[in-house]
Number of protein chains: 2
Amino acid sequence: MTGKIITISRQFGSGGRSVGKLVAEKLGINCYDSAIIDKIAKESGFSEEYIKNQSEDAVEAGWFAALAGRNYYGQSNQDLIWIAQCKVIEDLAKVGDCVIVGRCADYILKGKNDLLRVFIYADNDSRAKRIVEQYGETEENPYKRLKEKDRKRSAYYEIYTDQRFGDPSNYDICLNSGTVGIDMCADFIADMYRLQYQK
Amino acid sequence: MTGKIITISRQFGSGGRSVGKLVAEKLGINCYDSAIIDKIAKESGFSEEYIKNQSEDAVEAGWFAALAGRNYYGQSNQDLIWIAQCKVIEDLAKVGDCVIVGRCADYILKGKNDLLRVFIYADNDSRAKRIVEQYGETEENPYKRLKEKDRKRSAYYEIYTDQRFGDPSNYDICLNSGTVGIDMCADFIADMYRLQYQK
């Protein structure tokens, strides 16, 4: 079986994860988000904690260290995690219809599955409000935190996919959760998926 | 009366104009596209032909000429056309609900009206096919024509709005007409407008 997959890329603080969960509930399909880390850990042998640290946050700081730490085949630990990540996501997509949040799934599954590729974004004010209220980030300069996470997420995506993060051409639909609202974003994505696949 | 407006920005060849017309039909409201040129001509005193030539196509070539051709107040003809364009679009938006395609209406009306700001785009292959089949462009290298028009449209938008053309943050929703399809794009925008304004 090959699933019809909704991939959700999202700006930090845009509520893309919440949108993904709501869409999956509406459609009665699975939503994979942090569960993917667990699966990558099993696949790669690295710990969940290490994988978390070696993803977005490590991209900028880690290149020199990564070069120093390559294995016999010239692969860094980041590369090994990426290979495991691709396998986990491809396997999930084979099992059945689902929503996958983040982890470059839009890129990894392109050409392999029927995809509805979504990008969720929002203005800085909405995102700053959200990361303080919902993610428990400190109120001390959330804009600085946004800027830092944006830079890291873009770098991670661009290094592994050779595409620009947030470029509409990589997606079928881009929704501004700041003006449209989380619930309405989810309604639209679910409607679109139903129409596209007559479900 | 102040209208609830759908503004449609679009990549050349993406079918954004067709989407706009379909949306307006579905909602039973007016769609303003080339009719705006006629109104700008009346407002500014310039001919329709001159306005067409002095918009996107003139931006790149015209700055030196424009500098040479400024009036007593330092305004070029392009500036005078822009001023007339802003007035025409603001007046249209005061009359009632409508769809406005192109002409930086998203920027001109921001903060003045209730807006649903849409961006329609598509991959180069879909756009090349469309400009040959629908717009009657020559089949000889449509990709070159796309590149040229993309550059000019971006330059025009960026010069007058100080925003990057096609940047999702300027819109509420961005739709890929190449993968989603013109009809479905129109369905979604109409649904979104109805939900947003309970119409």
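Things to note:
- A:Lys110 being open to solvent by 80 Å² or more (accessible area, probe 1.4 Å), closer than 20 Å to B:Asn170 by Cα and at pLDDT 90 or above: no
- Within region B:123-141, the set of residues being away from chain A (no Cβ under 14 Å) and assigned to a loop (DSSP other than H, G, I, E, B) comprises B:Gln134, B:Tyr135, B:Gly136, B:Glu137, B:Thr138, B:Glu139, B:Glu140, B:Asn141.
- Count of residues meeting criterion [within 19 Å of B:Val180 (Cα to Cα), of a type outside the set (A, V, I, L, M, F, W, C) and more than 7 Å from chain B (Cβ to nearest Cβ)] in region A:170-188: 2
- The condition (being open to solvent by 30 Å² or more (accessible area, probe 1.4 Å), among the small types (Gly, Ala, Ser) and either touching an Asp or Glu at 6+ places or on another chain (Cβ under 9 Å) or over 12 Å from B:Ser14 (Cβ atoms) (or both)) is satisfied by just one residue among B:Gly102, B:Gly178: B:Gly178.
- Note on region A:4-31: residues that are part of a strand (DSSP E or B) and over 10 Å from the mean Cα position of the chain (by Cα) total 5.
- Residue match in region B:141-151 (condition: closer than 23 Å to B:Ala24 by Cα and acidic (Asp, Glu)): no
- Of the residues contained in region B:142-164, none is found to be aliphatic (A, V, I, L, M) and within 11 Å of chain A (Cβ to nearest Cβ).
- Residues of region A:181-191 satisfying the condition of being open to solvent by less than 10 Å² (accessible area, probe 1.4 Å) and without any contact (Cβ under 8 Å) to a residue 24 or more places away in the chain: A:Phe188
- Scanning region B:4-25 for residues that are surrounded by fewer than 24 Cβ atoms within 10 Å (Cβ to Cβ) and within 17 Å of B:Tyr107 (Cβ to Cβ) turns up just one, B:Arg10.
- Filter pass, A:Ile120 being within 18 Å of the chain's Cα centre (by Cα), β-branched (Val, Ile, Thr), part of a helix (DSSP H, G or I) and modelled with pLDDT of 90 or more: no
- First in region A:129-157 and farther than 18 Å from A:Ser9 by Cβ, second anywhere and of a type in the set (Gly, Ala, Ser), Cβ under 6 Å, 6 or more apart: A:Pro142/A:Ala128; A:Tyr143/A:Ala128
- Here region A:26-40 is the region considered, the condition is being without any contact (Cβ under 8 Å) to a residue 24 or more places away in the chain and closer than 17 Å to A:Ala105 by Cα, and the residue that is surrounded by the fewest Cβ atoms within 10 Å (Cβ to Cβ) is A:Ser34.
- All conditions in (1) over 23 Å from A:Ser126 (Cβ atoms); (2) at pLDDT 95 or above; (3) not β-branched (Val, Ile, Thr) hold for A:Ala61, with the sole exception of (2).
- Residue satisfying all of: in region A:70-91; modelled with pLDDT under 90 and touching a Gly at 6+ places or on another chain (Cβ under 9 Å); nearest to A:Asp150 (Cα to Cα) among these: A:Gln78
- Of the residues making up region B:162-191, those that are of a type in the set (S, T, N, Q) and not in a helix (DSSP H, G or I) number 2.
- Residues (over 28 Å from A:Ser76 (Cβ atoms), open to solvent by 30 Å² or more (accessible area, probe 1.4 Å) and touching a strand residue (DSSP E or B) at 6+ places or on another chain (Cβ under 8 Å)) located in region A:133-174: A:Ser169
The values are calculated or read from the model by the stated rules, or taken from the named source; none is laboratory data. Quick caveat: nothing in here was measured; it's all calculated off a predicted structure. A quick note on method: Cβ atoms are made from the backbone with ideal geometry, for glycine too, and the neighbour counts reach across all protein chains shown. Ligands, DNA and RNA are stripped out before the accessible areas are found, and what is left, the full protein with its side chains, is counted by its heavy atoms. Shrake-Rupley method; radii C 1.70, N 1.55, O 1.52, S 1.80 Å.
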